[in-house]
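Comments concern the structure below.
What follows draws every value from the coordinates through simple rules; no lab data is involved. These numbers were taken from a predicted model, which means no experiment stands behind them. Don't worry about glycine lacking a Cβ; one is built from the backbone with ideal geometry, like all the others, and counts go over all protein chains shown.
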Amino acid sequence: SCNVKIKEKQVDNSEISKYKGVWVYIEHSYGDIADVSYELLGIGRKLADDLGVKLAGILLGSDVKDKTKDIFEYGADQVYLVDDPVLKDYRTEAYSHCVESLVDKYKPEIMLMGATTQGRDLAGYVATKLQTGLTADCTELAIEQESRLLLQTRPAFGGNVMATIVCKESRPQMSTVRPRVMPMPEKRPGNKGEVIEEKNTLQEDDIATKILEIVSEGGGLVYLDRADIIVSGGKGVGSKENFKILQDLADVLGGTVGASRAAVEAGWMEQSRQVGQTGTTVRPKIYFALGISGAIQHLVGMQTSDVIVAINNDPDATIFNVANYGIVGDLKKIVPELTKELKKR
Ligand code: FAD
C-alpha cells in the first residue's frame, strides 16, 4: 500500500497580502494564440477590476515578442515575457520552471489557464510545485468582495450539482477553464501596456524531454470548440451508417458533426467529436441535437449555444427543455428533408 499525503502549502495572512494581480497564461502554438487565452483575458479583466489590481498575460516562447500587441488589445495591462529559443516547443519542465520563477518573484493572487491539453498539463504541474490549490474546468469565476477570494464554480457529482470552491490558505488561486465557456471579449485596438521581460534560467541540457520530430495528425483535426454550426447525433441515430445523414446536413450548412457519449461508445463516432462533460464544451451559433435525450452530462457541454434545434421522437425528451426549436419525429425522415430544403437556398 502507499500512503501519499498532498498538502497545500499554507501561507499566513501577512504573506497572502503580498500576492497581487490576476495572471492569464497565454497558450499558443508557435505564436498562434489560442482563443481560450483571449476568453480568459476577458474574465480576468473583470476579476482584476473587481479587485482593483492589474491584469497580466504570461507569454513564453521563442520569437514571440510581437504577440504582446494582441494580448494588450484583449485587455491586459502587463505582459510577463520570457523569450528564448529553449522555449520554442512546449515542454512541461521548461514552461513550468518559467511560470514558477515568475510566481515566486512577482506573486500573483490569481492564475488562470485554459483547460486544454497544454493548460491541464501545465496547471497541474505548476500547482503541485507551488503547493497551491487548483480548480479544474471552472464554468464561473467571481470575486467575493469582502474576503477578496476567488469563487471558482464547476460542475460536480456528474454535473448534478454546481460546487463553488475557494482556495483560502495558499496562493496563487489557480483555475482552468475550458475553451468557449467564457465569452470572447471585445478587442480594444491600440490598447497598450507594459512588457516585463525575464530571462530563462534553464539550459537545453537541463531539460530531459527532447522533441525529435513533430508529426501532424492526419485526416484533418476536429476543432469542435471552434465550430459555428454543429450537427450532433446520439443513440437515436441508430447506426454508424446513419451518421451520413447528419454529415450531409453539416456539409450543406458548413458545419461539423458532433456526438453524444452514447454514440461514441457505440463506435459510431470518434471520441474527439464527443460533446459534454467528458468531451468538448461547445458554444456554436447553432447546435443540432438529433436523437439525443438531453442527459445533464451532455447539456453541460452545449447548453450555452446561441440556438439549439432538437429532433427527437419522444415529446418528453429533456433536450426539449433547452431547445429553442424542437421537432418531434423520426430524425431519419426529417433530417434528409431539411437538407433537401436547405440545398435549394
Ligand atoms: P439516449 O439517452 O439513449 O437517448 C437517445 C434519444 O434518441 C432518446 O431521447 C430517444 O427518444 C431518441 N430517439 C431514438 N430514436 C430516434 C429517432 N429515430 N428519431 C429521433 N429521436 C430518436 N454523455 C454525453 O453526451 N457527453 C458526455 O461528455 C458525457 N459524460 C458523462 C460523464 C459521466 C461521469 C457519466 C456518468 C455519463 C456521461 N455521459 C455523457 C452519458 C450521459 O449520461 C448519457 O448516457 C448520454 O448522453 C446519452 O446519450 P444519448 O442522448 O445519445 O442516448
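Here are the numbers for the structure shown:
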| item | result |
| --- | --- |
| Cross-link table Lys240/Lys343; Lys65/Lys129; Lys18/Lys105; Lys20/Lys105; Lys240/Lys333; Lys18/Lys168, entries beyond 21 Å C-alpha to C-alpha | Lys240/Lys343; Lys65/Lys129 |
| Mean projection area, nm², convex hull over Cα of the range 47-137 | 6.1 |
| Candidates per GluC sites (Glu not before Pro) in the range 9-111, loop by DSSP, up to 13 other Cβ within 10 Å | none |
| Most positive-pole-ward Cα, Thr201, Gly233, Met269, against dipole of the range 142-282 from beta carbon charges | Gly233 |
| √(5λ) per eigenvalue of the Cα gyration tensor, the range 292-342, largest first, Å | 20, 13, 8 |
| Over the chain: helical MRE at 222 nm, DSSP H runs n ≥ 4 each giving -39500 (n - 2.57), nearest 500 | -8000 deg cm²/dmol |
| Globularity ratio of the range 106-180, using Cα Rg and 2.2 N^0.38 Å | 1.06 |
| Surface/4 estimate of mean projected area, convex hull on alpha-carbon atoms of the chain, nm² | 21.2 |
| Burial order of peptide ranges 254-267, 179-192 (average beta-carbon count within 10 Å, highest first) | 254-267, 179-192 |
| Helix axis angle, 35-51 relative to the chain longest principal axis, alpha carbon, degrees | 60 |
| Largest-first principal axis extents, alpha carbons of the range 148-254, Å | 55, 43, 39 |
| Partner lysines for Lys67 [C-alpha distance under 21 Å; skip if fewer than 8 residues away on the same chain] | Lys54, Lys88, Lys187, Lys192, Lys199 |
| Where GluC sites (Glu not before Pro) fall in DSSP loop in the range 115-170, at most 13 other Cβ within 10 Å | Glu146 |
